[in-house]
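Heads up: the structure comes next, in structure tokens.
The values are calculated or read from the model by the stated rules, or taken from the named source; none is laboratory data. In this text, all values refer to a predicted model and were calculated from it rather than measured experimentally. Cβ atoms come from the backbone with ideal geometry, glycine included; neighbour counts cover every protein chain shown.
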Amino acid sequence: MYSFEQLKMFSAVCECGSFSAAARKLKRAQSGVSQAVANLEIALNQTLFDRSGNVPVLTEAGKALLPIARSVLLQQQRLDQKVLALEAAEEHALTIAVEESLMAPSLFHYLDVINAQYPMTTIEITTASTFDIYDLVKGGDAHIGVVYADGSMQENVDFVTLGYERFITLAAPSHPLAGMAQINDADLRNYRQLAQRSSAGKELWFSYAISPQVWYANTHQLLLDMATQGLGWAIVPESLSQPFLTKGDLTLLQVEYEPNGWMTTVDLLQTRSHTGGPVRQAVVEQITKWFSRRMTQ
């Protein structure tokens with residue numbers, strides 16, 4: 001029966017090009033490396049190297065078995081890392097839920113640092129509405145959530161404030177409201193509103209439906225897509241809306257009672273259903289850095 005040690009010697013000889021070079025790399029005697037590879041050949045009943053020349057040359061059998069041997073060694077390494085992670089009480093899996101309108105590819109760069117520190121922890125990233133994320137974190141189905149603050153939402157979870165997000169009121173350039181210099185509450189109620197709400201029917205306090213004519217969507221991205229088609233007006237995050245404004249697909253409405261838009265707090269939630277460990281703390285630190293950088297861009 002072959003051993004991991006023999007596979008390691010075999011792989012090292014292939015990588016270094018000779019038994020002597022492999023011995024130097026592994027800090028072993030050359031005779032020990034040669035004997036380990038010879039024993040592997042006996043166990044496999046295959047000749048792995050042609051030794052007739054000055055340097056060993058892989059045989060066809062050796063070429064066929066080398067990728068598999070390396071794969072086995074990689075799996076052994078991952079097993080060892082997982083065992084060490086468990087002994088160090090590192091979390092083996094972590095779920096991060098991010099408000100869909102706050103999600104950005106730039107977050108992945110910051111989370112990649114976690115992979116370097118804790119390679120054996122599985123990270124799951126999901127997006128949903130603020131209220132759905134709160135339920136996930138409260139129930140322990142997500143360990144960390146990034147959401148818009150809303151009244152009593154902080155019950156039964158731990159939270160810290162990450163920063164702020166501005167919401168603005170938009171409509172398509174062809175919409176009747178787009179041509180008005182000043183828009184009041186009554187004007188908004190005269191036209192269909194596009195409003196966001198969660199799967200449980202909950203709405204953010206500053207963007208709930210006020211018009212008797214309303215269409216709902218579960219994401220702010222859908223609201224933007226609907227608004228570009230002239231289906232109504234919507235209150236949406238400024239950062240998510242910027243590409244639509246730049247291209248002229250949407251226009252900012254001049255709402256007289258909120259000329260600068262609505263500012264709301266962005267919070268980071270943590271579940272109380274599971275004890276936090278070093279991986280969760282590292283993720284919290286990276287998300288905090290990410291959002292801080294996001295606000296300055």
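Yes/no per residue for (1) of a type outside the set (Lys, Arg); (2) surrounded by fewer than 19 Cβ atoms within 10 Å (Cβ to Cβ):
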residue: MET1; (1), (2): yes, yes
residue: SER20; (1), (2): yes, yes
residue: ARG24; (1), (2): no, yes
residue: GLN35; (1), (2): yes, yes
residue: ARG51; (1), (2): no, yes
residue: PRO56; (1), (2): yes, no
residue: GLY62; (1), (2): yes, no
residue: ILE68; (1), (2): yes, yes
residue: SER71; (1), (2): yes, yes
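Looking only at the stretch 282-297, count every residue that is more than 20 Å from ASN115 (Cβ to Cβ) and either at pLDDT 90 or above or assigned to a loop (DSSP other than H, G, I, E, B) (or both) and tell me the total.
2
Can you name the condition, by its number, that ALA227 falls short on among (1) out of contact with any Ser or Thr (no Cβ under 8 Å at 6 or more places or on another chain); (2) at pLDDT below 95; (3) small (Gly, Ala, Ser)?
(2)
So is VAL279 touching an Asp or Glu at 6+ places or on another chain (Cβ under 6 Å) and assigned to a helix (DSSP H, G or I) or not?
yes
Could you check the stretch 158-216 and list, in sequence order, the residues that are surrounded by 14 or more Cβ atoms within 10 Å (Cβ to Cβ), assigned to a helix (DSSP H, G or I) and among the hydrophobic types (A, V, I, L, M, F, W, C)?
Matches in the stretch 158-216: LEU177, ALA178, LEU188.
Give the residues of the stretch 8-36 that are farther than 14 Å from ASN54 by Cα and of a type in the set (A, V, I, L, M), sorted by residue number.
The answer is MET9, ALA12, ALA22, ALA23, LEU26, ALA29, VAL33, ALA36.
I'd like the full set of residues that are surrounded by fewer than 13 Cβ atoms within 10 Å (Cβ to Cβ) and small (Gly, Ala, Ser), limited to the stretch 37-49.
The one that is surrounded by fewer than 13 Cβ atoms within 10 Å (Cβ to Cβ) and small (Gly, Ala, Ser): ALA43.
Inside the stretch 34-71, can you point out the residues that are among the β-branched types (Val, Ile, Thr), under 11 Å from SER11 (Cα atoms) and touching a residue at least 12 places away in the same chain (Cβ under 8 Å)?
VAL37
Every residue in the stretch 29-43 that is over 43 Å from the mean Cα position of the chain (by Cα) and not β-branched (Val, Ile, Thr), please.
Passing the criteria: ALA29, GLN30, SER31, GLY32, SER34, GLN35, ALA36, ALA38, ASN39, GLU41, ALA43.
Every residue, every condition in (1) modelled with pLDDT under 90; (2) of a type in the set (Ser, Thr, Tyr); (3) in a loop (DSSP other than H, G, I, E, B); (4) not assigned by TED's automatic domain parsing to the domain that holds TYR118, yes or no:
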site	(1), (2), (3), (4)
PHE10	no, no, no, yes
ALA36	yes, no, no, yes
GLN46	no, no, yes, yes
ALA64	no, no, no, yes
LEU74	yes, no, no, yes
LEU79	yes, no, no, yes
THR95	no, yes, no, no
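Take the residues in the stretch 222-258 that are within 30 Å of PHE159 (Cβ to Cβ) and part of a loop (DSSP other than H, G, I, E, B); name whichever of them is farthest from the chain's Cα centre (by Cα).
TYR257
Name the pairs whose Cβ atoms lie under 7 Å apart, with the first residue in the stretch 18-33 and aliphatic (A, V, I, L, M), the second loosely packed, with under 14 Cβ neighbours inside 10 Å, and 6 or more positions between them or separate chains?
The qualifying pairs are ALA23/ALA29.
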